[in-house]
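Undergrad: Sharing a structure, written as structure tokens. Questions coming.
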Amino acid sequence: MAQQVQGVIAPGRDEPVRVETIVVPDPGPGEAVVKVQACGVCHTDLHYKQGGINDDFPFLLGHEAAGVVESVGEGVTEVAPGDFVILNWRAVCGSCRACRRGRPQYCFNTHNARQKMTLTDGTELSPALGIGAFAEKTLVAAGQCTKVDPSVSPAVAGLLGCGVMAGIGAAINTGQVGRGDSVAVIGCGGVGDAAVVGARLAGAARIIAVDIDDRKLETAKAMGATHTVNSRSTDPVEAIRELTGGFGADVVIEAVGRPETYRQAFYARDLAGTVVLVGVPTPEMKLELPLLDVFGRGGSLKSSWYGDCLPSRDFPMLIDLHQQGRIDLAAFVTETIGLGDIEKAFTRMHEGDVLRSVVVF
């Protein structure tokens, strides 16, 4: 029998979010209903609210979440009721050309639940990134559930569902940061700070954090940055080169998603170095670079979607590292809030007052 729960929707472009009653159907084949325990407030949710992703309003927001599987549909074997899981938005298909090549982290046919959650009047909701976890319960594809150690705090575990995994993966998986490398991270919000953590975990010798907010730079330093640059008052390209012997960084991670900062990343890398774009641009943004410079500087220009992660591999590993004290995922949680506080959390996030606000149920 379908259930009615409380959830947060974005009714229209730039309209305030509101708490509504959500109808969650029983899971069908390949689906699972998850009782959400915690969900982070991610900038992607704000993009949805602003219409920066698409116009499929109303959206059921929230995607950076952890909880307990309540029920599963026919044919589900990977999880069972009672399992503690992190929700992910890249359930791999196992049969597309990327999966067949042994590269499931690049799956080209990821999927979500087939059924729709609705409002009580039958209006279909578009769940953010196929999850919709600013709700007491949500319906997802079973492949979007990744089992992890249940002893970890849900507020901490859920962060791997998006921002923290995106940043750590941008450094380790996409950028392939190695021992002794120099790394620059442009943009020190939650994703950028996670990239700092990933670079440190990979053994980078020099980690340069770049931002226009001194508060964010201090946080990045606490996360492991060895040097900081305030690009409001200092040319970041020149500063990064000066800190790397005049050459530029081996890997530059752009965690803002703007043409201006991407150009900075492009020119701040060493010859044959790597640029990783993990910041999310908006549809109207354009980038112009001299093609001769693209050719002459060599190296790699990469995009990192979800940190090129494979949830079944990366989530348990990072939870284990957190439990061992080798990375401090709890440091990303600035505050815990309720469902009715999300609009205020968007404002605090936009103003740089928090690293992560986390809704706890």
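The values are calculated or read from the model by the stated rules, or taken from the named source; none is laboratory data. Since the structure is predicted, the reported quantities are computational estimates derived from the model, not experimental observations. Methodologically, a virtual Cβ is constructed for each residue, glycine included, from the backbone with ideal geometry; neighbour enumeration extends over all protein chains shown. Heads up: the accessible areas ignore ligands, DNA and RNA and are worked out on the full protein's heavy atoms, side chains in. Shrake-Rupley method; radii C 1.70, N 1.55, O 1.52, S 1.80 Å.
Undergrad: Within segment 1-28, take every residue that is among the charged types (D, E, K, R) and free of Cβ contacts under 8 Å to residues at least 40 places away in the same chain and give me the one that is surrounded by the fewest Cβ atoms within 10 Å (Cβ to Cβ).
TA: ASP14
Undergrad: Also: From (1) closer than 24 Å to GLY257 by Cα; (2) of a type in the set (Gly, Ala, Ser); (3) surrounded by fewer than 24 Cβ atoms within 10 Å (Cβ to Cβ); (4) in contact (Cβ under 8 Å) with a residue 40 or more places away in the chain, pick out the condition that doesn't hold for SER182.
TA: (3)
Undergrad: Which residues, taken from segment 312-342, are more than 13 Å from GLY158 (Cβ to Cβ), in contact with a helix residue (DSSP H, G or I) (Cβ under 9 Å, 6 or more places away or on another chain), part of a helix (DSSP H, G or I) and open to solvent by less than 70 Å² (accessible area, probe 1.4 Å)?
TA: The answer is ASP314, LEU321, ALA331, ILE342.
Undergrad: Separate question: Name every residue in segment 177-190 that is at pLDDT 95 or above, in contact with a helix residue (DSSP H, G or I) (Cβ under 8 Å, 6 or more places away or on another chain) and of a type outside the set (Asp, Glu), in order of residue number. Give the steps one after another, and end with the answer.
TA: Filtering segment 177-190 for residues at pLDDT 95 or above gives 177-188.
Filter once more, so that each one left must be in contact with a helix residue (DSSP H, G or I) (Cβ under 8 Å, 6 or more places away or on another chain): 177-179, 181, 183-188.
Once the filter is applied, which keeps residues that are at pLDDT 95 or above, in contact with a helix residue (DSSP H, G or I) (Cβ under 8 Å, 6 or more places away or on another chain) and of a type outside the set (Asp, Glu), segment 177-190 yields VAL177, GLY178, ARG179, VAL183, ALA184, VAL185, ILE186, GLY187, CYS188.
Undergrad: May I pose another question? Condition check: in a helix (DSSP H, G or I), open to solvent by 20 Å² or more (accessible area, probe 1.4 Å) and in contact with a Gly (Cβ under 9 Å, 6 or more places away or on another chain). Does MET349 satisfy that? Reasoning before the result, please.
TA: Working: in a helix (DSSP H, G or I): yes; open to solvent by 20 Å² or more (accessible area, probe 1.4 Å): yes; in contact with a Gly (Cβ under 9 Å, 6 or more places away or on another chain): yes.
The answer is yes for MET349.
Undergrad: If you don't mind, there's one more thing I want to ask. Suppose the filter is surrounded by fewer than 24 Cβ atoms within 10 Å (Cβ to Cβ), of a type in the set (Val, Ile, Thr) and part of a loop (DSSP other than H, G, I, E, B); does VAL256 pass it?
TA: Values: surrounded by fewer than 24 Cβ atoms within 10 Å (Cβ to Cβ): no; of a type in the set (Val, Ile, Thr): yes; part of a loop (DSSP other than H, G, I, E, B): yes.
No; evaluated as a whole, the condition is false for this residue.
Undergrad: From the list ALA199, ALA222, pick out the single residue that is of a type in the set (A, V, I, L, M, F, W, C), open to solvent by less than 20 Å² (accessible area, probe 1.4 Å), outside any loop (DSSP other than H, G, I, E, B) and modelled with pLDDT of 95 or more. Steps first, answer last, please.
TA: On the way: ALA222 fails: open to solvent by less than 20 Å² (accessible area, probe 1.4 Å).
Criteria check complete, one pass: ALA199.
Undergrad: Here is a follow-up. In segment 17-48, what count of residues is obtained for those that are in contact with a Lys or Arg (Cβ under 9 Å, 6 or more places away or on another chain) and at pLDDT below 95?
TA: 1
Undergrad: Could you grab me the full set of residues in segment 202-219 that are surrounded by 21 or more Cβ atoms within 10 Å (Cβ to Cβ) and either closer than 19 Å to TYR262 by Cβ or not aliphatic (A, V, I, L, M) (or both)?
TA: Within segment 202-219, ILE208, ALA209, VAL210, ASP211, LYS216, THR219 meet the criteria.
Undergrad: Next up: Give the residues of segment 51-84 that are open to solvent by 10 Å² or more (accessible area, probe 1.4 Å), among the aromatic types (Phe, Trp, Tyr) and part of a strand (DSSP E or B), sorted by residue number.
TA: The one that is open to solvent by 10 Å² or more (accessible area, probe 1.4 Å), among the aromatic types (Phe, Trp, Tyr) and part of a strand (DSSP E or B): PHE84.
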